[in-house]
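Below is one structure, written out as structure tokens, with a few remarks after it.
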Amino acid sequence: MALPLLSWLQSISGGLLNRGSRAGGAYQPKHHVFAFNGRSLYWLGMGQELYRTEPAFRAMVHEFNDLLIEIADCDLVPLFAGQADEQFMQGKVTYYIMAVQVAQVALWKAYQVEPDAIAGLSLGEIAGVYAAGGLSLPDAIRVCTAVVRMFFPLAKDFLYFYVHTALASAQTACLTSPVPIYPVVELNAQTCLVFFHSDDEAAATAFLHQQGYHWEPLTRVGSWPTHTPLLAHHQPSFSALLTEIEPLPLRCAFYSSRLGAVIPANTIIGREYWFEMVTNPTLLHSLVQALGADGIDVVTHIGPHPFLSGTQQKSALSLPPGLLVLDSMRRGTPEAALFSDTRRRLRQLGLAR
């Protein structure tokens with residue numbers, strides 16, 4: 001019998017979860033995980049080569065696009081067909097990344113590659129839960145649309161900074177800051193990302209210095225206040241867009257960056273989860289530790305950002321020893337050649353035909 005997520009969480013001894021380990025005793029470790037990235041890296045033209053050369057990828061792009069037009073009145077095909085520019089892409093990025101991800105899943109399935117479990121980082125959890133069977137494709141697009149409609153009108157006035165301390169330490173210390181500072185991503189045991197408004201930069205960095213923290217900017221480009229309580233007042237409108245979705249039991253285990261732990265197969269992730277995901281910190285380090293605790297051998301990135309490879313991170317992730325991390329797409333690398341190479345390596349491991 002399928003178990004709702006909240007009931008399952010309440011059944012775990014010792015609180016919400018045991019971060020960095022398995023959350024729940026019934027889950028049996030598996031070996032190959034698909035890992036879905038969030039909205040942190042993308043570029044105009046991603047997916048175009050696979051769209052031209054791989055029928056399964058192209059077919060899923062069109063299936064996704066037909067649903068997207070119906071649900072959100074948004075057309076992505078020009079982005080895959082090479083008929084769009086940067087201006088056209090703006091406002092469509094979150095959908096564009098998701099389309100690439102679900103098309104890669106269809107492509108891997110065409111080559112008989114189906115993972116033992118799924119992991120999702122931030123907004124990548126939406127496509128990840130779809131791939132794990134917890135959402136139909138139309139409902140996954142509805143969740144994505146709720147996110148897009150919440151974020152798109154907001155100003156990108158917030159700055160990301162690395163702070164070299166544990167997430168919990170930063171959360172406690174920032175309660176006493178003279179300006180709001182929001183710890184939003186747990187990168188490793190001693191590094192997190194924090195957000196603050198660009199107008200508060202001087203006061204925020206002075207406070208971090210007074211606390212004895214080493215810090216540095218991630219980027220000077222402003223961002224939305226994702227994974228913060230600043231979005232709390234959007235909950236009614238966000239939830240209203242999800243009234244039609246019908247969550248399904250997970251076909252396989254799902255590693256959640258919201259929880260920093262694995263959600264067992266057959267769990268139903270309810271509608272309320274999605275607003276919690278976008279308004280709470282991302283527990284990347286705990287997710288990575290959960291992969292290690294469960295003896296995961298191989299992770300294949302799904303989407304344009306190889307977030308576990310370390311190539312885009314100044315602060316190295318504490319990856320489990322011996323974990324093989326493969327990419328399905330990488331900026332600056334021919335898509336068909338990279339896919340072919342990753343397929344060859346999976347075939348050598350007995351994970352692809």
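Throughout, read-outs are computed from the coordinates displayed, never taken from laboratory work. Here the structure is a predicted model, which means the values were calculated and not measured. Counting neighbours? That spans all protein chains shown, and the Cβs are built from the backbone with ideal geometry, glycine included.
What to note about this one:
- Taking chymotrypsin sites (Phe, Trp or Tyr not before Pro) across region 71-144, none is in a DSSP loop with at most 12 further Cβ atoms lying within 10 angstrom of its Cβ.
- Counting Lys and Arg as +1 and Asp and Glu as -1 over every other residue whose Cβ lies under 15 Å from the Cβ of His227, the net charge comes to 0.
- Qualifying trypsin sites (Lys or Arg not before Pro) in region 155-258, where qualification requires a DSSP coil assignment and no more than 15 other C-beta atoms within 10 Å, comprise Lys156, Arg220, Arg251.
- Computed log₁₀ I(q)/I(0) - Debye formula, equal Cα scatterers, no solvent, region 158-217, q 0.14 Å⁻¹: -0.29
- For Ala240, net neighbour charge (Lys/Arg +1, Asp/Glu -1) across residues whose Cβ lies under 12 Å away: +2
- Cα point-scatterer Debye curve for the chain, base-10 log of I(q)/I(0) at q = 0.07, 0.13 Å⁻¹: -0.28, -1.04
- For the chain, the mean residue ellipticity at 222 nm estimated from helices alone is -11000 deg cm²/dmol, where every DSSP H run of n ≥ 4 contributes -39500 (n - 2.57) and the total is divided by all residues, rounded to the nearest 500.
- Shown in residue order for region 75-81 are the 3J(HN,Hα) couplings computed by the Karplus curve 6.51 cos²θ - 1.76 cosθ + 1.60 at θ = phi - 60°: 10, 9, 4, x, 5, 7, 8 Hz (x for Gly and Pro).
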